[in-house]
Amino acid sequence: MGMIDRVMAWVFGDGRNVVAETVEVFRENIEGRAQRLTDEKAAALAQFAAEFAQPRKGLFDRMIDGLNRLPRPLLALGTIGLFVSAMTSPAWFASRMAGVALIPEPLWWLMGAIVSFYFGARYQVKGQEFQRSVAESVIRSEAVIKDAAAPPPDTIALPEGYADNAALTDWWRSRNAI
């Protein structure tokens, strides 16, 4: 028995698992990874909560919020303005577009990236809100369908022998009303 104990202690160590420790050199510990990810998310949420704990009501904050709301309407109205100017004054429009044609390509790439990130983030947020509302609607509709399909508790037919026992009757009705 002593030799088996010494071999097992050599393989598994004294109160530790040498095999598991060796495997973790080559493969990440899944439980440890999950704990690290959970800690990271909790820290990010705590930081976000701390940032927005105090409501901002100052003039500067309201001005910045107003400026953040301007790009989409300005881009939309500017595009419509380009169409109107092309129809009303083609020569003026052509001279402006000749100037736009002189803008270097890397600057167009930069502008495209900025606009993509700006509108892409908004698109993602709105898409997630839409998916959340669809999920809530599905849950509500399932509850409505379940309520509509369930017969009233008074009309549920009781099995034979349940009518004599009030507790069994209540239990049967509660189980079949849900």
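The values are calculated or read from the model by the stated rules, or taken from the named source; none is laboratory data. The shown structure was predicted, so the numbers you read here are calculated from the model rather than taken from an experiment. For neighbour counting, all protein chains shown are included, and Cβ atoms are generated from backbone atoms with ideal geometry for every residue, glycine included.
Worth pointing out:
- Comparison of Arg62, Arg72, Arg96 shows that the only residue that is under 20 Å from Val115 (Cβ atoms) and touching a Lys or Arg at 6+ places or on another chain (Cβ under 9 Å) is Arg72.
- If you filter the range 1-29 down to residues that are among the aliphatic types (A, V, I, L, M) and over 43 Å from the mean Cα position of the chain (by Cα), you find that the one that is modelled with the lowest pLDDT is Met1.
- Yes/no for Phe52 being loosely packed, with under 10 Cβ neighbours inside 10 Å, hydrophobic (A, V, I, L, M, F, W, C), within 30 Å of Val115 (Cα to Cα) and modelled with pLDDT of 85 or more: no
- Qualifying residue in the range 66-75 (condition: in a helix (DSSP H, G or I) and of a type in the set (Lys, Arg)): yes
- Flag if Ile156 is touching a Lys or Arg at 6+ places or on another chain (Cβ under 6 Å) and at pLDDT below 70: yes
- Boolean, Ala113 is assigned by TED's automatic domain parsing to the domain that holds Asn176, surrounded by 10 or more Cβ atoms within 10 Å (Cβ to Cβ) and over 20 Å from the mean Cα position of the chain (by Cα): yes
- Meets criteria (surrounded by fewer than 10 Cβ atoms within 10 Å (Cβ to Cβ), out of contact with any strand residue (DSSP E or B) (no Cβ under 6 Å at 6 or more places or on another chain) and in a helix (DSSP H, G or I)) for Gly81: no
- Sole residue being of a type outside the set (Gly, Ala, Ser), more than 30 Å from Pro71 (Cβ to Cβ), at pLDDT 70 or above and surrounded by 10 or more Cβ atoms within 10 Å (Cβ to Cβ), chosen from Glu142, Glu129: Glu142
- When restricted to residues that are of a type in the set (A, V, I, L, M, F, W, C) and in contact with a Phe, Trp or Tyr (Cβ under 8 Å, 6 or more places away or on another chain), the range 73-116 contains 2.
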